[in-house]
Amino acid sequence: MSDRLRRLVVGRLESLERAGVLQLPRPAKPGSNKSSESLAEQSPSREEFKSPTLEMLQQEVASCTRCDELARTRTQTVFGVGSPKARLCFLGEAPGADEDRQGEPFVGRAGQLLTKIIEACHMKREDVYILNMLKCRPPGNRNPLPHELANCRRYLERQLELIQPEFICCLGAVAAQNLLETTVPIGKLRGKVHAYRGAKVVCTYHPAYLLRNPAAKRDTWEDMKFLMREMGVEL
Ligand code: SF4
């Protein structure tokens, strides 16, 4: 079984388990008269079959109003950008003012720095997938609130389930701690490979932090070299 297929199967089984499906029906034997109704009883809920593609999920997100304040104040939702078959996803925190205006993640000054980091790793933005924990801009660029992260998590999980990246690079403490469901500081999460549903996760500083603290760029470059070694990419 290929790595991609294995991750797909593991992700699907975990998703079914979360939906409360703890047993899968045996395939009916040829000639069996088992009714379709009883098979339907054992099938996952309709909820599980929502948004079978990234495009459909993006449409679902665009009309989401689960976070009252964010839905009222956003210009638009910011879903994600890049290759839907990317090996590597960059995961940030939430859209800022530029992203809210343009509808694309990481397009402001921090985004331009991220683009430089990606290019320094001999890749282009189109080769990877870039997304945020939250799909709507928190007003005034405040930190996402816990209930907002919880509301948006279903979209993030489904998005990653559809992309099936081999690697996820968390940018900053909010993304790293929320994806990995830990309170360990970002400094201690760096330099290690973590796991998220079959994907390998590495953590580094958010580009916005690097703009405020240029000395930390050296650490982020070390994290990128570590990530590229894990991916088998020569720098
Ligand atoms: S942040 Fe996510 S859950 Fe909240 S309104 Fe926006 S799309 Fe919906």
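Would you point out which residue out of Leu113, Leu57, Leu70 is within 15 Å of Tyr129 (Cβ to Cβ) and either modelled with pLDDT of 95 or more or within 12 Å of the ligand (Cβ to nearest atom) (or both)?
Leu57
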Can you list residue pairs whose Cβ atoms sit under 9 Å apart, with the first residue in the range 57-71 being over 20 Å from Pro139 (Cβ atoms) and the second being more than 8 Å from the ligand (Cβ to nearest atom) and assigned to a helix (DSSP H, G or I)? Count only pairs 6 or more apart in sequence or on different chains.
Leu57/Arg158; Leu57/Gln159; Leu57/Leu162; Gln58/Gln159; Glu60/Arg158
I'd like the full set of residues that are away from the ligand (no atom under 16 Å from the Cβ) and either of a type in the set (Phe, Trp, Tyr) or over 11 Å from the mean Cα position of the chain (by Cα) (or both), limited to the range 150-170.
Glu166, Phe167
Options Cys152, Cys203, Cys136, Cys169: the member that is part of a strand (DSSP E or B) and either touching a residue at least 40 places away in the same chain (Cβ under 8 Å) or on the phi > 0 side of the Ramachandran plot (or both)
Cys169
Residues being of a type in the set (Lys, Arg) and under 16 Å from the mean Cα position of the chain (by Cα): count how many of those fall in the range 109-134.
1
Per the list (1) under 18 Å from Thr220 (Cα atoms); (2) within 18 Å of the chain's Cα centre (by Cα); (3) not in a loop (DSSP other than H, G, I, E, B), residue check on His147 breaks on (1)
If you check Gly92 against the conditions, is it closer than 29 Å to Gly198 by Cα, buried (at least 20 other Cβ atoms within 10 Å of the Cβ), modelled with pLDDT of 95 or more and more than 14 Å from the ligand (Cβ to nearest atom)?
no
If Thr77 satisfies every condition in (1) more than 9 Å from the ligand (Cβ to nearest atom); (2) modelled with pLDDT of 95 or more; (3) assigned to a loop (DSSP other than H, G, I, E, B); (4) in contact with a Lys or Arg (Cβ under 9 Å, 6 or more places away or on another chain) but one, which is the exception?
(1)
Restricting to the range 89-132, what's the tally of residues that are more than 19 Å from Asp219 (Cβ to Cβ), in a strand (DSSP E or B) and of a type in the set (A, V, I, L, M)?
2
Based on what the data block shows, is Lys192 over 25 Å from Arg218 (Cα atoms), outside any helix (DSSP H, G or I) and either modelled with pLDDT of 95 or more or touching a Ser or Thr at 6+ places or on another chain (Cβ under 8 Å) (or both)?
no
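The values are calculated or read from the model by the stated rules, or taken from the named source; none is laboratory data. Keep in mind that what you see is a predicted model, and the values were worked out from it rather than measured. Methodologically, a virtual Cβ is constructed for each residue, glycine included, from the backbone with ideal geometry; neighbour enumeration extends over all protein chains shown.
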